[in-house]
1. Taking the stretch 138-168, which residues are more than 17 Å from F120 (Cβ to Cβ), loosely packed, with under 13 Cβ neighbours inside 10 Å and under 20 Å from the mean Cα position of the chain (by Cα)?
2. When you scan the stretch 2-22, do you find a residue that is surrounded by fewer than 16 Cβ atoms within 10 Å (Cβ to Cβ) and of a type in the set (G, A, S), even just one?
3. How many residues are part of a loop (DSSP other than H, G, I, E, B), touching a strand residue (DSSP E or B) at 6+ places or on another chain (Cβ under 7 Å) and either under 30 Å from L259 (Cα atoms) or among the β-branched types (V, I, T) (or both) if we restrict to the stretch 165-179?
4. What about E12, is it of a type outside the set (A, V, I, L, M, F, W, C), farther than 20 Å from N101 by Cβ, assigned by TED's automatic domain parsing to the domain that holds N90 and not in a loop (DSSP other than H, G, I, E, B)?
5. Can you report the number of residues in the stretch 87-115 which are on the phi > 0 side of the Ramachandran plot and touching a helix residue (DSSP H, G or I) at 6+ places or on another chain (Cβ under 7 Å)?
6. Could you please find all residues in the stretch 140-154 being in contact (Cβ under 8 Å) with a residue 24 or more places away in the chain and closer than 12 Å to L100 by Cβ?
7. Return the only residue of I235, I213 being part of a strand (DSSP E or B), in contact with a Lys or Arg (Cβ under 8 Å, 6 or more places away or on another chain), without any contact (Cβ under 8 Å) to a residue 40 or more places away in the chain and among the β-branched types (V, I, T).
Amino acid sequence: MGEIEMEEVDTENVEDLVNLCIPPEKKEDKLFIEGAEVKKRWTDQVIKRYGSCALLAYLNEKPVGMIQFLPRPDEKLIEITCIFVPEKENLRKGIGKMLLNALIEEAKESNPYFDNDSAFALITWAFQVPGRYPQHEFYKKMGFRQVSEDEPSLLYYPLKQGYVYAPKSEKYIPQEEDKGKALIFYDPSCPFCIYFSEKIKESLKEVAPNINIRMVNQFEEVEEVKKRGKISFCIVNQKPIASFFLDKGNFQKEVMEALKR
């Protein structure tokens, strides 16, 4: 095995970041091409605002892993949005550990968006990739703490002595303008965002062919997110849909119940 090298993502290697997340068989899919462009725009915006948004690991000059993050200045936190080593041949080589350790050290540095201080903590929602080692167990082995017994996926790594992360208590706030409509909230930091959104649209249209659907970019339309408080990925007729869209039966059942209100 060659030497693994780390690089900050910038305008020169953004393509490497985007392409790591897209399965080879989806490279020419129009939904993933659009999703890639959405992610590139997000990356450019975050770099201009904060200076960085990801670290890449290279093995023999080939990108083999990434850790992606977003500062949350209001809370002095850095949220890890994704850590990923796509190819099975590169698993168990310590790439994920190297990426996370590099970010931990970087997070200890002072930054102007934290009032020239360092972050209080790193936080993450660990998601499971089928067939891979459970992410929440990986983070725990790396020193992360579980926020509550009820939510094993929400974890944090304190950077300040004595700091304990307590998530803000939020409630969904219905908006009059959402009556009779469907809203899809998508995360532009992921190239799957357009593909997922189109699948949600398809499922919505099967049970409500004439419904008005609005797409909301969670990064660019922050105020639209904030005024609704705690949101889900889809809201129908002022009601957040809890079922994941891949659980088609329950998702569509919730949609129909929401439209009856």
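The values are calculated or read from the model by the stated rules, or taken from the named source; none is laboratory data. These figures come from a predicted structure and were not determined experimentally. When we count neighbours, we look across all protein chains shown, and the Cβ atoms used for this are built from the backbone with ideal geometry, even at glycine.
1. Answer for the stretch 138-168, where residues must be more than 17 Å from F120 (Cβ to Cβ), loosely packed, with under 13 Cβ neighbours inside 10 Å and under 20 Å from the mean Cα position of the chain (by Cα): just E151.
2. Yes, that holds for at least one residue.
3. Of the stretch 165-179, the ones part of a loop (DSSP other than H, G, I, E, B) are 165-171, 173-175, 179.
With touching a strand residue (DSSP E or B) at 6+ places or on another chain (Cβ under 7 Å) added as a condition, the list becomes 165, 167, 170-171, 173.
Filter once more, so that each one left must be either under 30 Å from L259 (Cα atoms) or among the β-branched types (V, I, T) (or both): 170-171, 173.
The total comes to 3.
4. On the way: of a type outside the set (A, V, I, L, M, F, W, C): yes; farther than 20 Å from N101 by Cβ: yes; assigned by TED's automatic domain parsing to the domain that holds N90: yes; not in a loop (DSSP other than H, G, I, E, B): no.
No, not satisfied.
5. Of the residues in the stretch 87-115, the ones on the phi > 0 side of the Ramachandran plot are 92, 94, 115.
Next cut, touching a helix residue (DSSP H, G or I) at 6+ places or on another chain (Cβ under 7 Å) only: none.
Residues flagged as on the phi > 0 side of the Ramachandran plot and touching a helix residue (DSSP H, G or I) at 6+ places or on another chain (Cβ under 7 Å) within the stretch 87-115 amount to 0.
6. Within the stretch 140-154, just M142 meets the criteria.
7. Details: I235 fails: without any contact (Cβ under 8 Å) to a residue 40 or more places away in the chain.
On inspection, the qualifying residue turns out to be I213.
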